[in-house]
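The values are calculated or read from the model by the stated rules, or taken from the named source; none is laboratory data. These figures come from a predicted structure and were not determined experimentally. Positions of Cβ are generated from backbone atoms using ideal geometry, with glycine treated the same way; all protein chains shown enter the neighbour counts.
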Amino acid sequence: MPKVSPDKVPAPLLVVVAIASVQTGSAVARTLFDDLGAPGITLLRLGIASLILLLVLRPPLSTWSGQSWRAAAVLGLVMAAMNSVFYLSLRTVPLGVAVTVEFIGPLTLSLVQTRRLLDLMWAVLAAVGVVLLGVDQTSGIPLSGLLLALTAGLFWAGYILASARLGRLLPGIDGLSVALGVGAMLVLPFGLSGATAAFSHPTWLLTATLVALLSSIIPYGLELTALRRLPTRVFGILMSAEPAAAAIAGFIVLGQHLQPRQWAALALVSAASVGVTVGRREGELPTQPLE
């Protein structure tokens, strides 16, 4: 059977596959929380992804400037915080709801960048969606979990800025391999006991490796390929499918059902993201996820 090069696959399809991959990875990661803990699976995901990329890419670290190392360290710090807090939110919040709330971070960044009066309407629309989640007393979702998801969204916005800076300093995804390693070292004190337990159960370790592939390596590589051929405006619109993809992954992998109010909130936040992205100028920062 002939091999299919990613460069020959339609760019929008690559983004859709990347979205499905990262959300499936989050759902699979949730299945390990009871055994390894959220910090443990965070450490394994970051560490395994970094190790694989370092072995495959073999970046010329000795040639890096101090500025490049600092940019990689900042990205690693943001990634460690973003993934840790997001996984902690998943302990009490359904995946679809968590990603909907988390999406407020990159959406806010887009609002700041576009600076259009019409964006106020989209901001209000997104706020209504979040309020729908917050006032839903019948869902049993604790406010603390929603606040964790929102905090992860703020770190997501920071991730976008930090990854863009690192991307300007280093070619390809060389910087990502080191940033993931830095993130793993920062999470190490919190996730060491859980991560160590995985080595006594090969199934847990294999599942953690699958999470690293689905959540970090595959989606980032596909998005990088797609962005070479896809306008950032179109990319941003496609990324608005993240909350819906998360809800579907949560249902299929975890059996999580969302209530009508939660689906309405998801739709409002996604619509706001589409509205903001349509008005974004080409060349502005896309909302690349690496949850």
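Going by what's in this entry, would residue 44 be described as under 30 Å from residue 94 (Cα atoms), surrounded by fewer than 19 Cβ atoms within 10 Å (Cβ to Cβ) and not hydroxyl-bearing (Ser, Thr, Tyr)? Break it down stepwise before answering.
Values: under 30 Å from residue 94 (Cα atoms): yes; surrounded by fewer than 19 Cβ atoms within 10 Å (Cβ to Cβ): no; not hydroxyl-bearing (Ser, Thr, Tyr): yes.
For residue 44, the condition - under 30 Å from residue 94 (Cα atoms), surrounded by fewer than 19 Cβ atoms within 10 Å (Cβ to Cβ) and not hydroxyl-bearing (Ser, Thr, Tyr) - is not met.
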Legend entry - Of all residues in segment 167-185 being in contact with a Ser or Thr (Cβ under 9 Å, 6 or more places away or on another chain) and either modelled with pLDDT of 90 or more or over 24 Å from residue 224 (Cβ atoms) (or both), the one that is surrounded by the fewest Cβ atoms within 10 Å (Cβ to Cβ): 181
Legend entry - Residues within segment 172-219 that are touching a residue at least 40 places away in the same chain (Cβ under 8 Å), hydrophobic (A, V, I, L, M, F, W, C), farther than 26 Å from residue 17 by Cβ and outside any helix (DSSP H, G or I), tallied: 0
Inset, instruction - Considering each residue of segment 79-93, count those that are outside any helix (DSSP H, G or I) and either β-branched (Val, Ile, Thr) or surrounded by fewer than 24 Cβ atoms within 10 Å (Cβ to Cβ) (or both), and give that number. - result: 3
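For every residue, the table says whether it meets (1) without any contact (Cβ under 8 Å) to a residue 60 or more places away in the chain; (2) in contact with a Lys or Arg (Cβ under 7 Å, 6 or more places away or on another chain); (3) closer than 26 Å to residue 86 by Cβ.
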residue: 21; (1), (2), (3): no, no, yes
residue: 28; (1), (2), (3): no, no, yes
residue: 33; (1), (2), (3): yes, yes, yes
residue: 39; (1), (2), (3): no, no, yes
residue: 42; (1), (2), (3): no, no, yes
residue: 50; (1), (2), (3): no, no, yes
residue: 56; (1), (2), (3): yes, no, yes
residue: 62; (1), (2), (3): yes, no, no
residue: 66; (1), (2), (3): yes, no, no
Inset, instruction - Kindly check whether there is at least one residue in segment 57-76 that is crowded, with 24+ Cβ neighbours inside 10 Å, polar (S, T, N, Q) and more than 13 Å from residue 215 (Cβ to Cβ). - result: no
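For segment 112-122, does any single residue satisfy the condition of being modelled with pLDDT of 85 or more, farther than 22 Å from residue 256 by Cβ and either buried (at least 20 other Cβ atoms within 10 Å of the Cβ) or among the aliphatic types (A, V, I, L, M) (or both)?
Within segment 112-122, the subset modelled with pLDDT of 85 or more is none.
Scanning segment 112-122 turns up no residue that is modelled with pLDDT of 85 or more, farther than 22 Å from residue 256 by Cβ and either buried (at least 20 other Cβ atoms within 10 Å of the Cβ) or among the aliphatic types (A, V, I, L, M) (or both).
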Legend entry - residue 164 vs. criteria farther than 21 Å from residue 62 by Cβ, crowded, with 20+ Cβ neighbours inside 10 Å and either touching a helix residue (DSSP H, G or I) at 6+ places or on another chain (Cβ under 9 Å) or not hydroxyl-bearing (Ser, Thr, Tyr) (or both): no
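What residue, of 19, 104, 48, is closer than 17 Å to residue 209 by Cα and in contact with a helix residue (DSSP H, G or I) (Cβ under 7 Å, 6 or more places away or on another chain)?
Values: 19 fails: closer than 17 Å to residue 209 by Cα; 104 fails: closer than 17 Å to residue 209 by Cα.
Sole residue among the options that is closer than 17 Å to residue 209 by Cα and in contact with a helix residue (DSSP H, G or I) (Cβ under 7 Å, 6 or more places away or on another chain): 48.
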